[in-house]
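Participant: Here it is, the structure, as structure tokens.
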Amino acid sequence: MNRYAEEYRRSLDAPEDFWREQAREIDWFEFPKTILDRDANGAWRWFRGGKLNTAWLALDRHVAAGRGDTVALTHDSPATGQVTKFTYSELTDRVARVAGGLARLGVGKGDRVVVYMPMVPEAVMAMLACARLGAVHSVVFGGFAARELAARIDDAEPKLVLSASCGIEFDRVIPYKPLLDDALALATHQPDRCVILQRAQAAAELVPYRDLDWVEWETASAPANAVPVDATDPLYILYTSGTTGKPKGVLRDNGGHAVALHYTMNAVYGLDAGDVFWAASDVGWVVGHSYIAYAPLFKGCTSILYEGKPVRTPDAGAFWRVIAEHRVKSFFVAPTAFRAIKKEDPDARLKDAYDTSCLEYLFVAGERLDPPTYHWLRDILPGIPVIDHWWQTETGWAICANMAGYDLHETRAGSPSFPVPGYDLRILDDDGRELPAGEEGNVVVAEPLPPGCFPTVWGDHERFVETYFRQYPGFYLTGDGGYRDADGYVYIMGRVDDVMNVAGHRLSTGQMEEVVADHPAVAECAVVGVRDEEKGQVPLGLLLLKDGVNLDAVTLERELVQMVRQGVGPFANFRRALVVPRLPKTRSGKILRQVLRKMIDGEPYVTPSTIDDPAILSEIEEVLVGAGVMTGSS
Ligand code: COA
Ligand code: AMP
């Protein structure tokens, strides 16, 4: 048996022994008394009774071990033309001071702090400073509009909001403060204070008393010590899109998160202390949480925080420049970024200008690595394993991967390889029967989920149970569909629910439908994620108009595009909305979005027997063919 197979088997046969061993690899103030049990809600919990501090693990302990001069964080910002490095000592001091500032404003254990920031080092400091105090951060992706930020503020009820005057998208300065002010005007809950990082590219107007200037605030604060917290105490809430418009607050606890992420740094990514890891994501997404802010620091690596894009900052050679300049060993990015590069530099000529010999592994996730992009990457990176790995906000780390720390398997196009130790993965049909190799079904994971996976949805445990565990008792429903091949390789083919994936960003159809339905001309609508060569999927709005509405289609589409930009955010890439005569529904009134999606993407689909009138589909097809959205089935 190879090392992977051995470890995988052991993790399922003796999960407590497996994770006890991994728990010994990190430093605890008190080692857990219990490795695995259930809490009062009936949810599985890891490492109860253990005491630790996540920020101390990420920072202070490396300084104490004499590695204070190693670079912990490199901020590379083509947006501002600056590269700034922070050693473990420097980052520890800054985080301690920011934590002192939070404490001075009354933040303590369990209090929530919303972080709405661009890709600046202060965003990482904010997260670690919360962790230092046992406070709970909730980072909101900077691309979200005021309405979404307000929904998250109302759900998390933060004591403080930390933000910045602006972000920078390519060469455009995006003022954040007006978005924050609008969000606070919309929100019912009001934080006590907002701390604003004033960036040189835009000055934010501060509201007297409520808003503080970050630099003044940090400078005036005394450093705060790391507070021991329980392993099961919350570390952060990260909102993710579900099938309804209301975002779900995925809760992460401290102990399981630290043990699992520390384990992955070598086992999954093949890294040791001192190595350089670059996850080109955003701090607002789970990849940014796990692999920019936390895991590389747990391991004593250097983490890269990149405030740029794959292209046009300044060109499609940007990734190769960063890899070469900072000697990146493992690189992690969403496939959509490479599709953007491939479009501009199809033969990767710009790579020739850089010495990328330091690169040993390329990891991709966030969406399926489509076979054409996989083959392109194999061609331009000879000898470098191109590793697709699959995971979700809910798990916080990879469910399936080809593990660089064990014996790498041959990679297969379109597959994230095998389940990672801890994940007992099954493919079930709608009735809960396990499917044989080659047959596509619902991908589920048998309980208990391994450490680091979410133990609840913030403030709504019933939603946690209902969404993830009701359909197949004893199994976590991932929401993805897929199959295994005859050799056990797993293939994840896409969401089987109403979640879509736009340029590696997870979005809900319901979220956009709520905004579209607010238009005075719209009686009803469906938003469907349809295939797109560059972004993977893009949303398409299908509209039923109110009787008597007389608005031309171009104006209507333009207004709706604007509404979604302002209601959800520009990154939703909502650009098309078409009027259709009817929408396909089941007799109980549920819109058949999956059928629509398959029809538009030209995939085989079965017209459900529950549809109220099958003729609706051909009527819609006619509209879509007329609009050039699909080519037609006949
Ligand atoms: N703040 C404000 N606006 C943002 C934003 C942010 N953080 N991120 C994106 N936007 C805006 C863009 O400026 C663009 O605006 P426009 O319509 O006015 O031009 C719009 O949202 C669309 O953005 P996107 O689809 O992301 O395209 P892009 O060209 O800006 O970037 C990629 C392309 C590939 C770099 C980007 O989609 C990406 O990094 N995706 C990966 C996501 C990811 O890391 N997921 C996590 C899993 S690994
Ligand atoms: P998020 O929670 O934002 O990380 O999005 C998780 C979803 O993205 C998953 O449920 C999948 O649908 C999709 N996803 C992420 N990584 C992969 C991958 N490697 N292959 C296929 N789908 C993926």
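The values are calculated or read from the model by the stated rules, or taken from the named source; none is laboratory data. Nothing here was measured: the structure is a model prediction, and the numbers come from that model. Glycine also receives a Cβ, built like all others from the backbone with ideal geometry; neighbour counts cover every protein chain displayed. Accessible surface areas use protein heavy atoms only, side chains included; no ligands, DNA or RNA. Shrake-Rupley method; radii C 1.70, N 1.55, O 1.52, S 1.80 Å.
Participant: Could you grab the pairs with beta carbons closer than 9 Å, sequence gap of 6+ or different chains, first residue in segment 562-573 and under 16 Å from Asp518 (Cβ atoms) and away from ligand 1 (no atom under 11 Å from the Cβ), second one polar (S, T, N, Q) and open to solvent by less than 10 Å² (accessible area, probe 1.4 Å)?
Facilitator: From residues that are under 16 Å from Asp518 (Cβ atoms) and away from ligand 1 (no atom under 11 Å from the Cβ), the pairs are Gly567/Gln511.
Participant: Which of the residues spanning segment 304-321 are more than 13 Å from ligand 1 (Cβ to nearest atom) and open to solvent by 10 Å² or more (accessible area, probe 1.4 Å)?
Facilitator: Pro314, Asp315, Arg321
Participant: Determine whether Met500 is within 16 Å of ligand 1 (Cβ to nearest atom), among the aliphatic types (A, V, I, L, M) and closer than 23 Å to Gly414 by Cα.
Facilitator: Here the answer is yes, as Met500 does meet what is asked.
Participant: Go through segment 362-373 and report how many residues are open to solvent by 10 Å² or more (accessible area, probe 1.4 Å) and under 21 Å from the mean Cα position of the chain (by Cα).
Facilitator: 4
Participant: Of all the residues that make up segment 354-384, how many are touching a residue at least 60 places away in the same chain (Cβ under 8 Å) and away from ligand 2 (no atom under 16 Å from the Cβ)?
Facilitator: 2
Participant: Ok, one more. Considering (1) crowded, with 18+ Cβ neighbours inside 10 Å; (2) modelled with pLDDT of 95 or more, say which one Ala79 fails and leave the rest.
Facilitator: (2)
Participant: So, of the residues in segment 503-523 that are in contact (Cβ under 8 Å) with a residue 60 or more places away in the chain and among the small types (Gly, Ala, Ser), which turns out to be farthest from ligand 1 (Cβ to nearest atom)?
Facilitator: Only one residue tops the list, namely Gly510.
Participant: Is there a residue in segment 413-428 that is within 16 Å of ligand 1 (Cβ to nearest atom), in contact (Cβ under 8 Å) with a residue 12 or more places away in the chain and touching a Cys at 6+ places or on another chain (Cβ under 8 Å)?
Facilitator: yes
Participant: Here's another thing I want to ask about it. May I ask you to list the residues in segment 407-438 that are among the acidic types (Asp, Glu), within 14 Å of Gly488 (Cβ to Cβ) and touching a strand residue (DSSP E or B) at 6+ places or on another chain (Cβ under 8 Å)?
Facilitator: If the condition is that a residue be among the acidic types (Asp, Glu), within 14 Å of Gly488 (Cβ to Cβ) and touching a strand residue (DSSP E or B) at 6+ places or on another chain (Cβ under 8 Å), then Asp424, Glu434 are the ones that fit.
Residue-by-condition table, conditions (1) crowded, with 22+ Cβ neighbours inside 10 Å; (2) under 30 Å from Glu30 (Cα atoms); (3) at pLDDT below 95:
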| site | (1), (2), (3) |
| --- | --- |
| Pro178 | no, no, no |
| Leu186 | no, no, no |
| Ala204 | yes, no, no |
| Val229 | yes, yes, no |
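Participant: For Leu261, which of the numbered conditions (1) in a loop (DSSP other than H, G, I, E, B); (2) within 23 Å of Val420 (Cα to Cα) fails to hold?
Facilitator: Tallying (1) in a loop (DSSP other than H, G, I, E, B); (2) within 23 Å of Val420 (Cα to Cα), Leu261 fails exactly one: (1).
Participant: Just wondering, is there one or more residues in segment 484-496 that are within 15 Å of ligand 1 (Cβ to nearest atom), among the hydrophobic types (A, V, I, L, M, F, W, C) and open to solvent by less than 50 Å² (accessible area, probe 1.4 Å)?
Facilitator: Yes, some residue in segment 484-496 is within 15 Å of ligand 1 (Cβ to nearest atom), among the hydrophobic types (A, V, I, L, M, F, W, C) and open to solvent by less than 50 Å² (accessible area, probe 1.4 Å).
Participant: Let me ask something else about it. Given the options Val161, Val173, Val124, name the one that is within 23 Å of the chain's Cα centre (by Cα), modelled with pLDDT of 95 or more and part of a strand (DSSP E or B).
Facilitator: Unique residue meeting the criteria: Val161.
Participant: Okay, next question. Scan Gly383, Gly414, Gly396 and give me the residue that is surrounded by 24 or more Cβ atoms within 10 Å (Cβ to Cβ) and on the phi > 0 side of the Ramachandran plot.
Facilitator: After applying the criteria, what remains is Gly396.
Participant: Moving on to the next point. Among the residues of segment 262-287, write down those that are out of contact with any strand residue (DSSP E or B) (no Cβ under 7 Å at 6 or more places or on another chain) and within 15 Å of ligand 2 (Cβ to nearest atom).
Facilitator: Within segment 262-287, Thr264, Ser281, Asp282, Trp285 qualify.
Participant: Also, quick follow-up: Considering each of Gly284, Gly249, Gly274, Gly245 in turn, give the residue that is in contact (Cβ under 8 Å) with a residue 12 or more places away in the chain, away from ligand 1 (no atom under 16 Å from the Cβ), open to solvent by less than 10 Å² (accessible area, probe 1.4 Å) and of a type outside the set (Asp, Glu).
Facilitator: Of Gly284, Gly249, Gly274, Gly245, the one residue that is in contact (Cβ under 8 Å) with a residue 12 or more places away in the chain, away from ligand 1 (no atom under 16 Å from the Cβ), open to solvent by less than 10 Å² (accessible area, probe 1.4 Å) and of a type outside the set (Asp, Glu) is Gly249.
Participant: Next question, about the same structure. Which members of segment 102-160 meet the condition of being charged (D, E, K, R) and either surrounded by 24 or more Cβ atoms within 10 Å (Cβ to Cβ) or in contact (Cβ under 8 Å) with a residue 60 or more places away in the chain (or both)?
Facilitator: Within segment 102-160, Arg104, Lys109, Arg112, Glu122, Arg132, Arg147, Glu148, Arg152, Asp155 qualify.
Participant: When you scan segment 486-534, how many residues do you find that are over 22 Å from Arg339 (Cβ atoms) and more than 15 Å from ligand 2 (Cβ to nearest atom)?
Facilitator: Residues that pass the stated criteria total 20.
Participant: Can you name the residue in segment 184-200 that is touching an Asp or Glu at 6+ places or on another chain (Cβ under 9 Å) and in contact (Cβ under 8 Å) with a residue 60 or more places away in the chain and is also nearest to Val516 (Cα to Cα) among such residues?
Facilitator: Pro191
Participant: For segment 89-101, give me each residue that is open to solvent by less than 30 Å² (accessible area, probe 1.4 Å) and among the hydroxyl-bearing types (Ser, Thr, Tyr).
Facilitator: Listed by number, the list holds a single entry, Thr92.
Participant: Identify, from the list Ala348, Ala340, Ala353, Ala324, the residue that is farther than 26 Å from Arg3 by Cβ, surrounded by fewer than 24 Cβ atoms within 10 Å (Cβ to Cβ) and touching an Asp or Glu at 6+ places or on another chain (Cβ under 6 Å).
Facilitator: Exactly one residue qualifies, and that residue is Ala324.
Participant: Here is a list: Gly432, Gly474. Which entry is within 24 Å of Trp397 (Cβ to Cβ), open to solvent by less than 40 Å² (accessible area, probe 1.4 Å) and in contact (Cβ under 8 Å) with a residue 24 or more places away in the chain?
Facilitator: Sole residue among the options that is within 24 Å of Trp397 (Cβ to Cβ), open to solvent by less than 40 Å² (accessible area, probe 1.4 Å) and in contact (Cβ under 8 Å) with a residue 24 or more places away in the chain: Gly474.
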